[in-house]
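A quick write-up on the structure given underneath.
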Amino acid sequence: MKRRRSHNPHKKHVRHILRGITIAVSAILVLVGCGALWATTLKMPDLNSFETRKVVESTKIYDRTGNVLLYDTGSNAKRTVVPLADISPYIQKASIAIEDSNFYNNIGIEPTSIIRAFLADLATGNFSQGASTITQQVVKNSLLTQDKTVTRKLQELFLAIKLTGMMSKDAILEAYLNETPYGGTVYGVEEASQTFFGKPAKDVTLAQAAYIAAIPQAPTYYSPYGTHTADLDARQKQVLGRMKSLGMITDADYQSALKEIV
């Protein structure tokens with residue numbers, strides 16, 4: 001007498017799940033392969049002359065006392081390029097803390113941040129999420145357009161990785177701090193320091209440096225001359241808190257900066 005084969009609904013359910021996982025993984029591999037093939041067709045700017053490029057600076061006219069009387073902006077930008085050694089360590093640390101805390105260790109991009117931003121973009125249906133490292137911002141500001149497209153974002157990612165292999169981290173940070181917009185016609189931390197505090201970037205205090213680092217996320221919104229100064233104050237405190245949590249400053253430094261009237 002033949003024994004009737006028993007039907008196990010649990011096993012059947014597991015088989016369906018495994019089949020679904022196999023199909024999903026196969027689809028992802030196909031998409032990744034197609035994406036990689038498409039990426040090879042992208043036109044990339046040449047990075048070979050990046051370090052030797054000439055950054056446009058402001059033309060300044062001084063009187064005999066050394067005071068600036070006039071900016072001949074040319075391209076509507078006030079900018080004075082200075083070496084990293086002439087930029088306060090406070091500005092360097094504050095900018096890294098709020099913009100790219102893993103700057104000195106990453107490959108120019110942060111894959112986990114990119115994935116989070118990609119999922120957020122899928123949920124909203126646009127490409128408004130940045131997730132940009134300092135290196136990506138240098139690439140975007142110096143070599144690419146500000147368009148928020150998939151193609152432009154892929155170019156930014158590939159070029160950031162390539163730039164990290166070509167330049168030292170200090171050189172990339174120097175480029176970032178000299179070229180980042182701080183609102184209106186102000187570009188670079190030297191001009192920001194002179195415009196906002198009347199002093200060179202090497203002489204700013206910790207509290208002032210935190211303000212400078214707070215602005216680039218939204219230069220117009222966080223303008224010290226605008227109507228959102230309360231939000232600017234809050235972001236400055238966020239920068240200081242981030243610096244403290246990363247061990248860049250002591251608790252005493254943090255408390256002192258909070259009390260400073262800027």
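The values are calculated or read from the model by the stated rules, or taken from the named source; none is laboratory data. These figures come from a predicted structure and were not determined experimentally. With ideal geometry, Cβ positions are generated from the backbone for all residues, glycine too; neighbour counts draw on all protein chains shown.
Points worth noting:
- Some residue of segment 130-143 being at pLDDT below 70 and surrounded by 11 or more Cβ atoms within 10 Å (Cβ to Cβ): yes
- Test set (1) of a type outside the set (A, V, I, L, M); (2) in contact with a helix residue (DSSP H, G or I) (Cβ under 9 Å, 6 or more places away or on another chain); (3) surrounded by fewer than 24 Cβ atoms within 10 Å (Cβ to Cβ) - residue 198 fails condition number: (2)
- In segment 171-194, the residues that are on the phi > 0 side of the Ramachandran plot form Cβ pairs under 7 Å with partners that are part of a helix (DSSP H, G or I) and polar (S, T, N, Q), at six or more places apart or across chains, as follows: 188/178.
- Selection count where residues are surrounded by fewer than 20 Cβ atoms within 10 Å (Cβ to Cβ) and β-branched (Val, Ile, Thr), scope segment 204-262: 7
- Every residue from segment 151-202 that is out of contact with any strand residue (DSSP E or B) (no Cβ under 7 Å at 6 or more places or on another chain), over 17 Å from residue 133 (Cβ atoms) and not polar (S, T, N, Q): 182, 183, 184, 189, 190, 196, 197, 198, 199, 200, 201, 202
- Neighbours by Cβ (under 6 Å, 6+ apart or cross-chain): first from segment 241-262, within 22 Å of residue 230 (Cα to Cα); second surrounded by fewer than 11 Cβ atoms within 10 Å (Cβ to Cβ): none
- Total residues in segment 158-211, condition among the charged types (D, E, K, R) and more than 29 Å from residue 225 (Cα to Cα): 3
- First in segment 82-94 and polar (S, T, N, Q), second anywhere and surrounded by fewer than 21 Cβ atoms within 10 Å (Cβ to Cβ), Cβ under 6 Å, 6 or more apart: 88/202
- Residue check for residue 185: surrounded by fewer than 23 Cβ atoms within 10 Å (Cβ to Cβ), farther than 28 Å from residue 113 by Cα and modelled with pLDDT under 95: yes
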